[in-house]
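Quick one: the structure is below, questions incoming.
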Amino acid sequence: MKINKYIYGLAGVLLVLLGFAACTPDEYDLGDKDVTSADLVEGKAFSITHDSNNPNIVYLKSLMADQYQVNWIEPQGRSQEKEVELDMPFPGTYDVLFGVETRGGVIYGDTAHFTIDNFYAGFVNDELYTNLTGGVGQAKTWIPDNGNYGLCSGELSYGDPSASNAEWNNFTSNWDPSYGGGGMAESATSQYAKTTWTFDLKNGANVTLHRVDDDGTATDTKGTFLLDTENHRLNLTDMQIPHTSAWDNHGDATDWAKDIHIVTLTENQLRVAMLRNPNTSGEGKWWLVFNFVAKDYADNYKAPEVEYTPTLEEGWRDFVEPKNDRIITYKLTGFDWYGKDENTTEKNVSGIEAIDNLEDISITLNSSKNTYSFTKPDGTTSEGTYKLSSDGIYTFTPALPTVQLSKDGRATLTSNEGQLRLLGFSQAVNCDAQTGALDNITWGAREYDDQGNFYQYIGYQWKVVRAGAKTTFASSLHFFDTGWTAQASDEVFITDGQDGTYTITLNGASNSPYGLYLDVAKILKDHPNCDIVVTDIKVDGQSIAFNDADIDRGYGDTYKPADACARRYILNPWGPTAGNASKFVFSKSLSVTINVKMDTGSPFIKSSAKRRARRR
């Protein structure tokens, strides 16, 4: 097709500016229109003719003088060319509106018509028609993309007109909300979620919209369509693009049926764009892109299995196989299930009781000889060799023996095909805070569902056993003011297994305190029944009055057994101590003294305590 449509842009603006420059100040008033609608009639102002060899080709031609900028509204969209060629594949009667820009604005004449008598297949033997409909004599149904088909994140995308053109294969979104996040489908049972949109080339170009109201009422709307295959536009007759009815109330689009931009059209995906109308929507211009998938594709889609590689900090191997500690013994301390997602998230499964002698299970690795020795709960051992890949995968030969870990038999230690994967590595989580030496590690074995699909890991949590070595837990003070400016103290290390008193000091100044909390990292993993009692609080060296019972107990910003941080929220903007902010104005230092007990027989988080610790 040779329809060259474009927005009256830079050239028109320059023409107007030059016209203004040539006028006297009195001529800035454009006055009355010099052309009326009655003048814009076929045969006088414009002509409609059929090609002599192929009557399905229609020519629209302006007969107005060159000084007039013309405006066509025709079956395949809009144009401002003086001459337009239309390739019309389907029989029918079609409307044409012809207008010109005058000193008083754009005016249009009465609607003109032309008729196509026969179907011409040559115009629909095009990839766009085939992808949209399935081909001549076929039909194809499209449904909103709910983000589960590997194409888009949801049924809508949004784009800034200044940064994206919403043209064929040329659209950049600035927001891709998940399904329902853009205001179209609030739930999987909502009206829009059940929409189907069917295009066919059966005795014409037909389209049917099937919608199911929230009360279950089904409605079918039928219409016709035309594709501008050259400029990638879709035009609908007696039909609108599927959209939530709520958007009609404030006119988000100028027209839900004409000059719809096709952003993407493949065998499986349809994306079309409308420009939000700032005059009626109450908001600025913005591209609204509607995302659809072919129903056949959606019905048969199976998401590819994705296994993310757990995050391993740079240099992780130097900690796992240190050159100064070639032989490392690990003692099994626990187990849990982990997702196969990017962060191998721990699921914190409860109600699974471990066997009584779980910690009698151990493994010793000799990284200089790549050998292992595995000890079962009954004291029997097995030996072999192992390899450690650059991805953190251990391969044991022979495979580690299978050992029951839970009393109900659900949890077992096993290595699938002799392999266990290191489920992430971070110095902050896996190493001792004071010495920097490896302190703990978690290996995972794949678990499969009844269909043989890998769906999660069972993770085995090991603690490094070193003769005479003492584990420490890092404690620190964290302060932030009303402007969210943060300050933190140096770390003070608490010795594992020993009760004691410690003072943590933050040096600095602030006249607008908002929050202050004390963290003891990782202590709750090994000592969930510990207690941390605040015995003294000093502001610039002077003790202030407080009640330890008012100081919230909680976990760190994100509770995971791997870090299991114990928090005392000394000044909690959202808790009972919020009114004490004025006491914490300081010019030199804040210090907090705590008494730490490793085991009090009851959990650190009391049953009545509220976990108010929040992130900024």
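Among the residues of the range 24-41, is any part of a strand (DSSP E or B) and at negative phi?
Taking the range 24-41 first, the residues part of a strand (DSSP E or B) are none.
No: the range 24-41 contains no residue that is part of a strand (DSSP E or B) and at negative phi.
A further question follows. Provide a single number: the residues in the range 266-294 that are under 16 Å from Asn165 (Cα atoms), open to solvent by less than 70 Å² (accessible area, probe 1.4 Å) and touching a residue at least 24 places away in the same chain (Cβ under 8 Å).
Keep residues of the range 266-294 that are under 16 Å from Asn165 (Cα atoms), which gives 271-277, 284-290.
From what is left, the residues that are open to solvent by less than 70 Å² (accessible area, probe 1.4 Å) are 271-277, 284, 286-290.
Checking the rest, the ones that are also touching a residue at least 24 places away in the same chain (Cβ under 8 Å) come to 271-277, 286-290.
Matching residues across the range 266-294 total 12.
If you take the residues of the range 295-342 that are out of contact with any Ser or Thr (no Cβ under 9 Å at 6 or more places or on another chain), in a helix (DSSP H, G or I) and open to solvent by 70 Å² or more (accessible area, probe 1.4 Å), which of them is nearest to Asp526 (Cα to Cα)?
Among those residues, the one meeting the criterion is Asp318.
A further question on this structure: Step by step: first the residues of the range 178-198, then only those that are surrounded by 17 or more Cβ atoms within 10 Å (Cβ to Cβ) and in a loop (DSSP other than H, G, I, E, B), then the one that is modelled with the lowest pLDDT. Which residue is that? Talk me through it step by step, then tell me what you get.
Initial filter on the range 178-198 (surrounded by 17 or more Cβ atoms within 10 Å (Cβ to Cβ)): 179-180, 182, 184-185, 191-198.
Then keep just the ones that are in a loop (DSSP other than H, G, I, E, B); that gives 179-180, 182, 184-185, 191, 195.
Details: Tyr179: 76, Gly180: 71, Gly182: 63, Met184: 64, Ala185: 54, Gln191: 65, Thr195: 88.
This residue is Ala185.
Just to check your reading of the model, which residue among Gly154, Gly180, Gly99, Gly135 is within 20 Å of Lys258 (Cα to Cα), touching a residue at least 24 places away in the same chain (Cβ under 8 Å) and of a type outside the set (A, V, I, L, M, F, W, C)? Explain how you work it out, then say what you get.
Numbers: Gly154 fails: within 20 Å of Lys258 (Cα to Cα); Gly180 fails: within 20 Å of Lys258 (Cα to Cα); Gly135 fails: within 20 Å of Lys258 (Cα to Cα).
Just a single option satisfies the conditions, and that option is Gly99.
Still on this structure, I have one more. From the list Lys407, Lys387, Lys376, which residue is surrounded by fewer than 15 Cβ atoms within 10 Å (Cβ to Cβ), in contact with a strand residue (DSSP E or B) (Cβ under 7 Å, 6 or more places away or on another chain) and not hydroxyl-bearing (Ser, Thr, Tyr)? Before you say what the answer is, go through the steps one by one.
Values: Lys407 fails: in contact with a strand residue (DSSP E or B) (Cβ under 7 Å, 6 or more places away or on another chain); Lys376 fails: surrounded by fewer than 15 Cβ atoms within 10 Å (Cβ to Cβ).
So the residue among Lys407, Lys387, Lys376 that is surrounded by fewer than 15 Cβ atoms within 10 Å (Cβ to Cβ), in contact with a strand residue (DSSP E or B) (Cβ under 7 Å, 6 or more places away or on another chain) and not hydroxyl-bearing (Ser, Thr, Tyr) is Lys387.
Mind checking which residues of the range 155-169 are open to solvent by less than 10 Å² (accessible area, probe 1.4 Å) and either in a loop (DSSP other than H, G, I, E, B) or of a type in the set (S, T, N, Q) (or both)? Walk me through it before giving the result.
Our first condition is that a residue be open to solvent by less than 10 Å² (accessible area, probe 1.4 Å); within the range 155-169, this holds for 155-157, 159, 164, 166.
Of everything in the range 155-169, those that are open to solvent by less than 10 Å² (accessible area, probe 1.4 Å) and either in a loop (DSSP other than H, G, I, E, B) or of a type in the set (S, T, N, Q) (or both) turn out to be Glu155, Ser157, Ser164, Ala166.
Restricting attention to the range 542-573, which residues are open to solvent by 40 Å² or more (accessible area, probe 1.4 Å) and either out of contact with any Gly (no Cβ under 9 Å at 6 or more places or on another chain) or among the β-branched types (Val, Ile, Thr) (or both)?
Gln542, Ser543, Ala545, Phe546, Asn547, Ala549, Tyr555, Asp557, Thr558, Tyr559, Lys560
Just give me the residues in the range 476-508 being open to solvent by less than 70 Å² (accessible area, probe 1.4 Å), touching a Lys or Arg at 6+ places or on another chain (Cβ under 7 Å) and not hydroxyl-bearing (Ser, Thr, Tyr), in sequence order.
Residues satisfying the conditions are Phe480, Asp496.
What are the residues in the range 38-60 that are in contact with a Phe, Trp or Tyr (Cβ under 7 Å, 6 or more places away or on another chain) and either hydroxyl-bearing (Ser, Thr, Tyr) or within 12 Å of Leu97 (Cα to Cα) (or both), if any?
Hits for the range 38-60 are Leu40, Ala45, Phe46, Ile48, Thr49, Leu60.
Part of a loop (DSSP other than H, G, I, E, B), within 18 Å of Thr229 (Cβ to Cβ) and either open to solvent by 30 Å² or more (accessible area, probe 1.4 Å) or modelled with pLDDT of 95 or more (or both), is that true of Glu85?
On the way: part of a loop (DSSP other than H, G, I, E, B): no; within 18 Å of Thr229 (Cβ to Cβ): yes; either open to solvent by 30 Å² or more (accessible area, probe 1.4 Å) or modelled with pLDDT of 95 or more (or both): yes.
Taking the combined requirement at face value, the residue does not satisfy it.
In the range 432-455, what residues are surrounded by 19 or more Cβ atoms within 10 Å (Cβ to Cβ) and of a type outside the set (Gly, Ala, Ser)?
Those that are surrounded by 19 or more Cβ atoms within 10 Å (Cβ to Cβ) and of a type outside the set (Gly, Ala, Ser): Asp432, Leu438, Asp439, Asn440, Ile441, Thr442, Trp443.
Residues are listed down the side, and each one gets a yes or a no for (1) free of Cβ contacts under 8 Å to residues at least 40 places away in the same chain; (2) among the charged types (D, E, K, R):
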position: Tyr386; (1), (2): yes, no
position: Ser389; (1), (2): yes, no
position: Ser406; (1), (2): no, no
position: Ala411; (1), (2): no, no
position: Gly424; (1), (2): no, no
position: Asp432; (1), (2): no, yes
position: Leu438; (1), (2): no, no
position: Thr442; (1), (2): no, no
position: Phe454; (1), (2): no, no
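Still on this structure, please answer the following. Return the residue satisfying two criteria in turn: it lies in the range 360-372 and is in contact (Cβ under 8 Å) with a residue 24 or more places away in the chain and assigned to a strand (DSSP E or B), and of such residues it is farthest from Thr414 (Cα to Cα).
Restricting to residues being in contact (Cβ under 8 Å) with a residue 24 or more places away in the chain and assigned to a strand (DSSP E or B), the top hit is Asn366.
Oh, and also: Test Thr535 against the criterion of being β-branched (Val, Ile, Thr) and in a strand (DSSP E or B), and give yes or no. Quick ask: steps written out before the conclusion?
Values: β-branched (Val, Ile, Thr): yes; in a strand (DSSP E or B): yes.
Spelling it out, Thr535 is indeed β-branched (Val, Ile, Thr) and in a strand (DSSP E or B).
Still on this structure, I have one more. All but one of (1) closer than 14 Å to Leu477 by Cβ; (2) surrounded by 19 or more Cβ atoms within 10 Å (Cβ to Cβ); (3) in contact with a helix residue (DSSP H, G or I) (Cβ under 6 Å, 6 or more places away or on another chain) hold for Ser591; state the number of the condition that does not hold.
Only one criterion is unmet by Ser591, namely (3).
Another question, if that's okay. Among the numbered criteria (1) under 25 Å from Asp336 (Cβ atoms); (2) hydrophobic (A, V, I, L, M, F, W, C); (3) modelled with pLDDT of 95 or more, which single criterion is violated by Phe546?
Only one criterion in (1) under 25 Å from Asp336 (Cβ atoms); (2) hydrophobic (A, V, I, L, M, F, W, C); (3) modelled with pLDDT of 95 or more is unmet by Phe546, namely (1).
For Ala121, are the conditions met, namely being open to solvent by less than 70 Å² (accessible area, probe 1.4 Å) and without any contact (Cβ under 8 Å) to a residue 60 or more places away in the chain?
Working: open to solvent by less than 70 Å² (accessible area, probe 1.4 Å): yes; without any contact (Cβ under 8 Å) to a residue 60 or more places away in the chain: yes.
Yes.
The values are calculated or read from the model by the stated rules, or taken from the named source; none is laboratory data. What you see is a predicted model; the values in this text were computed from it and never measured. Heads up, the Cβs are rebuilt from the backbone with ideal geometry, glycines too, and the neighbour counts pull from every protein chain shown. In case anyone asks, the SASA skips ligands and DNA or RNA and just uses the protein heavy atoms, side chains included. Shrake-Rupley method; radii C 1.70, N 1.55, O 1.52, S 1.80 Å.
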